[in-house]
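Reviewing the structure listed below.
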Amino acid sequence: MDEVIHARGHEHVSAEHSSTFEITTDDFLTPAGDCILAIDADRTPADFDPAFVAACQDADATITVMIDAGGCTDSVTGRGDPDLEFTNERSAVGRTSEYVDDRTIVNDAEFAAAGFDRELVAALAEGAEATVTISVD
């Protein structure tokens, strides 16, 4: 089961954060946003199908977030959690920790923003259009 978000990169994408990554609907990014990979997203967790949300709320679920931009693709895998809400109307956040809030879409991710392929990050920093596919098994 998949959910897809279309967004774009920004010149301030640095992907240096070591514990989170984020996709936001905001249409701007400051240099302080070192976890943000893409902006101007067309969807948020609040838009996701209830069946997808329910599947992600299984502690045994495997959640994969794949980002494709500028001809580069990378993905990170984590797990679901019964406390995932998928109610945020602004951004989607992946975490290497077990922390959950209304923005969290995956926990215990293998890596955060700093772990994404540097060619992908460079494409996003050049403003490439991005497709973010979130899959749950």
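Given a Förster distance of 22 Å, report the FRET efficiency between R90 and E126 from their Cβ-Cβ distance, rounded to the nearest 0.05.
Values: r = 24 Å, r/R0 = 1.10.
Calculated value: 0.35.
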Estimated vicinal HN-Hα couplings, Hz - region 106-123 in sequence order (Karplus 6.51, -1.76, 1.60; Gly, Pro = x) = 7, 10, 6, 4, 4, 7, 10, 3, 5, x, 5, 3, 5, 5, 5, 4, 4, 4
query = Relative contact order (percent) for region 82-121, with alpha-carbon contacts under 8 angstrom and 6 or more residues of separation?
reply = 35 percent
ask   = Calculated from DSSP H runs of 4 or more alone, at -39500 (n - 2.57) each and per residue, what is the 222 nm mean residue ellipticity of the chain, nearest 500?
value = -3000 deg cm²/dmol
inquiry  = Rounded to the nearest 5, what % of DSSP beta bridges with both residues in region 1-126 are antiparallel?
reply    = 80 percent
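How big, in percent, is the set of alpha carbon pairs in region 7-137 lying more than 21 Å apart? Spell out each step's value before the answer.
Working: 2666 of 8515 pairs.
So the portion of pairs separated by more than 21 Å is 31 percent.
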Percent RCO, i.e. relative contact order, over region 2-136, from Cα pairs under 8 Å lying at least 6 residues apart = 36 percent
key: For region 26-49 and region 63-112, distance of Cα centres in Å   = 12 Å
message = Residue by residue through region 28-43, what is 3J(HN,Hα) from phi via Karplus (6.51 cos²θ - 1.76 cosθ + 1.60, θ = phi - 60°)? Round to whole Hz and write x for glycine and proline.
response = 9, 8, 9, x, 5, x, 6, 9, 7, 9, 8, 10, 6, 5, 8, 8
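Every number here is computed from the coordinates shown, using simple stated rules; none is lab data. Quick caveat, the model's predicted, so the values are computed rather than measured. Don't worry about glycine lacking a Cβ; one is built from the backbone with ideal geometry, like all the others, and counts go over all protein chains shown.
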